[in-house]
Amino acid sequence: MKKAILIPTISLFIICLCATFLLGIVNSVTEDKIAQNAVQTEMDSRKVVMADAVSFGDKVEGNHTYEGVDSPYSYVEALDANSNLIGYVFVTQSTGYGGAISTMTGVSTDGKVTGVEFLQINETVGLGMNATKDSFKDQFKGLSGVIGVNKNESTETEVKALTGATITTKAAAKGVNIALDIYENVLGGENNG
Amino acid sequence: MSYSKELISILITYILTQNFILSKFLGICPFLGVSKKLNTAMGMSAAVIFVMLISTAITYPIYNLLVHFGLEYLETIVFILVIAALVQLVETAMKKFMPPLYNALGIYLPLITTNCAVLGVVLLNIDTNGYSGTMENFGRAMMSSLGAGLGFMLAMVMFAGVRSRLESCDIPKFLKGLPITLVAASLTSLSFLGFAGLVENMFA
Amino acid sequence: MAEKKTLRQEFTKGLIKENPVLRLVLGTCPTLAVTTSVMSAVGMGASATAVLVCSNIAISLLRKVIPSKVRIPAYIVIIASFVTIVQMVVKAFMPELDQQLGVYLPLIVVNCIILGRAEAFAGKNPVLASAVDGLGMGVGFTGALFFMGFIRELFGSGTFLSGIAGINGGNGLAVPFLNENPMLIFVLAPGGFFVFGILMAVANKIAEGKGLPKAELHGCENCPMAKSCTIIHKEDCKSNEEVASK
């Protein structure tokens, strides 16, 4: 009786052990590559949202409270060829329809959005995923202050909502607004030297 | 938004707008296989709700443990084993201590181990609610499991009704059986699209 | 019977005659969920095929060592390990695909096709046959997913092969007319059910012409857990037979 329990238990245990060992090996191979990918995506996106920048400063991380919700963010300084500060690139978090959206926003020293990219987005294909199209992202360029969402058309302070994906549009706008808010209130806005 | 309002909005989101079966396609096998009769549909969904809740309650702290040791990559294998073991354990315990409950739900339990809705809810909870391990996040995770389970039940029960109507219809020969069931599912899912935008405007 | 079959037969049976999706109605969740474009559909098919072949080989190698009592948990451990490996490899080398498949990539663990093949074939047959069986089933699965993805992408977004970096900057080939007037419903959830239903009808029609029985969901008969499942199994199968006899 005892043997009948012992043998299956031991064999199952050995299988688990081998599986974990194997996974550990594969993980050690792929881990660096995965981390590298994330860094690479971020580097590439920085150049897209702040096309004028030549180099970027060190990454600064922190937490910011916007509309009563605390969320993590990070930013880097964007520098031109003479190492003058021309703006900041922020990475902020908001929640869309299908989960977390990580937005990268470029903000120039005069407080205007220079470009928007989504580092992580998982919305409905055909609706919310249209946010990744250039026609949507380009609407943000040149806007400042607090950006609203308009269901019919884009205005000087609002972006046009994606058809059937108001939640995604609002989440995207919120990501950008958090970046602008950090620029204004944490980094001191235009008064910043 | 206050915390309690947020919990209610999570619940409604998962029942109506992000219904597991009809918009996320999780748990399609039982949806098509066990929805022929209303009572089996009810029993199956009740068992799913039960298993979803207990597996979330157990896997959430386990994930924190994995994060602590830097072993996040083991999540899939750990979660599926925990769910499988849990289901077995609950089945045995139910049989012994609560025979009436076992007769009502127990028979569905073995099927649930390989139900992607259960593993799906556990993985999605980690994805969307973060894993900072606070009690607030745990509450959110439990609420989304409850919502996912209730949404599963709603879809199953509604669809059992739709199918009973289909039985008496004169269907073209080439659509008989599974094809027409899928087309009916498509229409049911279409009706759920109407809920999009409901939750965010409810508390606005 | 099985051992008399040639390897060629083991491979081809999964393609059409026993196609896991269109004939056996297994793995319906990914069939519906990730077929919004050809790229994600084929990506899912390829990942599942890799897992299927590897797990079939491993299970077949270990079939004499694994005690039958803990057979199912052992299979689950083996399958889950391969799924995790595939997941890590995809994350490292195809990050875009990982983003598209999302939670459905780890959910390959509970794809009935894989556990089903382990239980029905790999646990009883030699290594080479099991590998070929897995490959055939995987290719059949990928093929069905490709059709779903092709139809849904064509009508829903009016493109073909979008999301692959090499083709038109990731936007895919635009199909005239459909690209300007996409029928959005095809990439949404209801479109998934609808296209699958129509494909099933076509598959049934073809099967009928060849004298094969119609594909039917046998309650849980095809599910690997069916043996431990008592009442649903009996009831649903009985009602199916009754329907069939009528």
Q. Which of the following residues is of a type in the set (Val, Ile, Thr), more than 11 Å from chain A (Cβ to nearest Cβ) and under 30 Å from residue A:38 (Cα atoms): C:110, C:90?
A. C:110
Q. Quick one: in the stretch B:47-98, which of the residues that are small (Gly, Ala, Ser) and part of a helix (DSSP H, G or I) is nearest to residue B:30 (Cα to Cα)?
A. B:47
Q) In the stretch A:129-145, which residues are within 11 Å of chain C (Cβ to nearest Cβ) and in a helix (DSSP H, G or I)? A) A:129, A:130, A:132, A:134
Q: Working only within the stretch B:167-185, note down all residues that are surrounded by 14 or more Cβ atoms within 10 Å (Cβ to Cβ), within 26 Å of residue B:46 (Cβ to Cβ) and either more than 22 Å from the chain's Cα centre (by Cα) or at the interface with another protein chain (Cβ under 7 Å from one of its Cβ atoms) (or both).
A: B:178, B:182, B:185
Q) Pick from C:150, C:186, C:146: which is surrounded by fewer than 19 Cβ atoms within 10 Å (Cβ to Cβ), within 18 Å of residue C:31 (Cα to Cα) and touching a Phe, Trp or Tyr at 6+ places or on another chain (Cβ under 8 Å)? A) C:150
**Q.** Which listed residue, of B:22, B:32, is touching a Pro at 6+ places or on another chain (Cβ under 9 Å), under 19 Å from residue B:154 (Cα atoms) and within 11 Å of another protein chain (Cβ to nearest Cβ)
**A.** B:22
Q: Only one of these is modelled with pLDDT under 85 and touching a Cys at 6+ places or on another chain (Cβ under 9 Å): B:33, B:43. Name it.
A: B:33
Q: Being within 21 Å of residue B:185 (Cβ to Cβ) and small (Gly, Ala, Ser) is the filter; apply it to the stretch C:1-39 and report the residue that is modelled with the lowest pLDDT.
A: C:27
Q) In the stretch A:1-41, which residues are of a type in the set (D, E, K, R) and at pLDDT 85 or above? A) A:31, A:32, A:33
Q. So which of C:40, C:47 ends up being among the polar types (S, T, N, Q), within 12 Å of another protein chain (Cβ to nearest Cβ) and farther than 28 Å from residue C:212 by Cβ?
A. C:40
Q. Which ones in the stretch C:190-212 are without any contact (Cβ under 8 Å) to a residue 40 or more places away in the chain and within 20 Å of the chain's Cα centre (by Cα)?
A. C:190, C:191, C:194, C:197, C:198, C:201, C:202, C:204, C:206
Q. Can we say residue A:11 is at positive phi and either surrounded by fewer than 17 Cβ atoms within 10 Å (Cβ to Cβ) or not charged (D, E, K, R) (or both)?
A. no
Q. Taking the stretch C:31-52, which residues are closer than 16 Å to residue C:84 by Cα and surrounded by fewer than 24 Cβ atoms within 10 Å (Cβ to Cβ)?
A. C:46, C:49, C:50
Q) Taking interchain pairs and intrachain pairs at least six residues apart, which have beta carbon atoms under 7 angstrom, with the first residue in the stretch C:130-152 and at pLDDT 90 or above and the second of a type in the set (Phe, Trp, Tyr) and part of a helix (DSSP H, G or I)? A) C:130/C:121; C:132/C:11; C:133/C:121; C:135/C:11; C:136/C:11; C:148/C:196; C:152/C:186
Q: Working carefully through the options A:119, A:162, find the one that is in a loop (DSSP other than H, G, I, E, B) and within 29 Å of residue B:123 (Cα to Cα).
A: A:162
Q. For the subset of the stretch B:147-159 comprising residues that are surrounded by fewer than 20 Cβ atoms within 10 Å (Cβ to Cβ) and in contact (Cβ under 8 Å) with a residue 40 or more places away in the chain, which member is farthest from residue B:59 (Cα to Cα)?
A. B:157
Q: Being within 8 Å of another protein chain (Cβ to nearest Cβ) and modelled with pLDDT under 80 is the filter; apply it to the stretch C:179-217 and report the residue that is farthest from residue B:190 (Cα to Cα).
A: C:214
Q: Out of C:106, C:67, C:73, report the one residue that is within 18 Å of residue B:119 (Cα to Cα), assigned by TED's automatic domain parsing to the domain that holds residue C:129, surrounded by fewer than 21 Cβ atoms within 10 Å (Cβ to Cβ) and not β-branched (Val, Ile, Thr).
A: C:73
Q.
If I ask for residues that are more than 16 Å from residue A:104 (Cα to Cα) and not in a strand (DSSP E or B), which ones from the stretch A:53-80 would you list?
A. A:54, A:67, A:68, A:80
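The values are calculated or read from the model by the stated rules, or taken from the named source; none is laboratory data. Computed from a prediction, not measured in an experiment: that's the story for all the values here. For neighbour counting, all protein chains shown are included, and Cβ atoms are generated from backbone atoms with ideal geometry for every residue, glycine included.
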